[in-house]
Amino acid sequence: MVEVHIVGTAHVLRESVDRVCKVIEDVKPDAVAVELCPKRLHALMAKEPSISLSDVIKSGNVSLAILQIILSFLQRKIGEKTGVRPGEEMLAAIRKAKEIGADVILIDRDIGITFNRLWYNISIIEKLKLFWQIFRSLFSKEDEVENILSNVDKLVEEFRKIGPKASKILIDERDSYMAYNILKASEKYEKIVVVVGAGHRKGIERYLKNPKEIPQIEKLLETKKGRFSLSKAFNIFISSLILISFAYILTKFGSGLALNAFIYWFLINGVLSALGATLALAHPLSIISAFLCAWLTSLNPLIAAGWIAGYVEMKVRKPSIDDLIEMSKAESIRDLFKNRAFRVLLVTALTNVGSIVGTVYGAYIILQMTGIDIKNILIP
């Protein structure tokens, strides 16, 4: 009979570190399973980050990268209040496992897959809710951190209300994935201590009791990369609509009005994209590049104004390895926003936001110039 002892922890409490070590010492397991994947373990142990800004910009996952950075920042700030580095209990479990000669098993899903599924499977509304909660957390005072463990069920339920799909991906899917790996490990080991965040304990226990409820693992590892999506479909639709509108204006009203339409398109896209870059406190050259390229990138669904502005920002600011390291160790929001590496990501993201607004508003103006009454179409 396999013994599985699940220890639910809070990632930033000293109590969790001590409890994990005590359970491992008492049980003396053959294996210790921890809520980590190889990437997260490397991030906890490495002195230098493996992030590449150019790769992030090229991938188009800038907003996702910013989300990860801010979440990490928030967790670390809470940890500073308790004197425990986030993930310290996982490292303590690994150290204690090595002390007693137990094997270490990394049971969590790859963090890149988790965030990819999060970003591409939740709605825009849920993304906005998620960012709003994060924004509130940045400026809220943390109190009664010591009660995290006792309130974890309530916190999980609140999170489910805020983002049902997000909670499914971040909690439920990972519960089933970790339970699957624990069941696999139980074929080899007789005693296993499992160290996971307290919010995962009940879900994992439920799946261990009912393994038939675990979804197909292949489905839990599916990611979206370069696939056709609604956002791409919308970009293609807008691009096609604008090009058709320009052609219609040129053939029906002549080159004069067509030139005016192009000027409106150029200025609306350029000004709003440049405004986004300016709000990110971009370098003047990045702002100029956002202004000059936005009209064209808005017509090309394969490239974004933010990518160009971010690339220029990266070349001008030249963030170093030290900037990447400091970004992951920022002590305050001010430090984070002063960081050259974070600034590159922020310039890319906010320029893209400005470009999206400019594209939608510019499309509205161009369609008005064709003589089509958009208001009557939108509001019958």
Suppose we filter Ile249, Ile244, Ile238 for residues that are open to solvent by 70 Å² or more (accessible area, probe 1.4 Å) and among the β-branched types (Val, Ile, Thr); which single one remains? Ile244
Being modelled with pLDDT of 80 or more, under 30 Å from Lys127 (Cβ atoms), assigned to a helix (DSSP H, G or I) and open to solvent by 10 Å² or more (accessible area, probe 1.4 Å) is the requirement here; does Leu91 meet it? no
In the range 262-308, anything assigned to a loop (DSSP other than H, G, I, E, B) and either at negative phi or crowded, with 24+ Cβ neighbours inside 10 Å (or both) is listed as Ala280, Ala282, His283, Ser298, Leu299, Asn300, Pro301, Leu302, Ile303, Ala304
Under the condition of being free of Cβ contacts under 8 Å to residues at least 60 places away in the same chain and within 43 Å of the chain's Cα centre (by Cα), which residue from the range 252-261 is most open to solvent (accessible area, probe 1.4 Å)? Leu259
Report yes if some residue within the range 33-55 is over 22 Å from Leu170 (Cα atoms), open to solvent by 60 Å² or more (accessible area, probe 1.4 Å) and at pLDDT 65 or above; otherwise report no. yes
Exclusive hit being at pLDDT 90 or above and either under 30 Å from Lys184 (Cβ atoms) or outside any loop (DSSP other than H, G, I, E, B) (or both), set Glu99, Glu80: Glu99
Tell me, which residue of the range 180-212 that is within 30 Å of the chain's Cα centre (by Cα), free of Cβ contacts under 8 Å to residues at least 40 places away in the same chain and open to solvent by 30 Å² or more (accessible area, probe 1.4 Å) is farthest from Lys22 (Cα to Cα)? Pro211
For a quick check of your reading: which helices (runs of 4 or more DSSP H) sit entirely within the range 173-260 and have at least 2 residues that are within 20 Å of Arg109 (Cα to Cα) and of a type in the set (Val, Ile, Thr)? none
Could you grab the pairs with beta carbons closer than 7 Å, sequence gap of 6+ or different chains, first residue in the range 333-345 and on the phi < 0 side of the Ramachandran plot and open to solvent by 10 Å² or more (accessible area, probe 1.4 Å), second one outside any helix (DSSP H, G or I) and at pLDDT 80 or above? Arg343/Ala280; Arg343/Leu281
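The values are calculated or read from the model by the stated rules, or taken from the named source; none is laboratory data. In this text the structure is predicted, and so the values were computed from the model without any measurement. Positions of Cβ are backbone-derived with ideal geometry, glycine not excepted, and every protein chain shown enters the neighbour counts. These area figures cover heavy atoms from the full protein model, side chains too; ligands, DNA and RNA do not enter into them. Shrake-Rupley method; radii C 1.70, N 1.55, O 1.52, S 1.80 Å.
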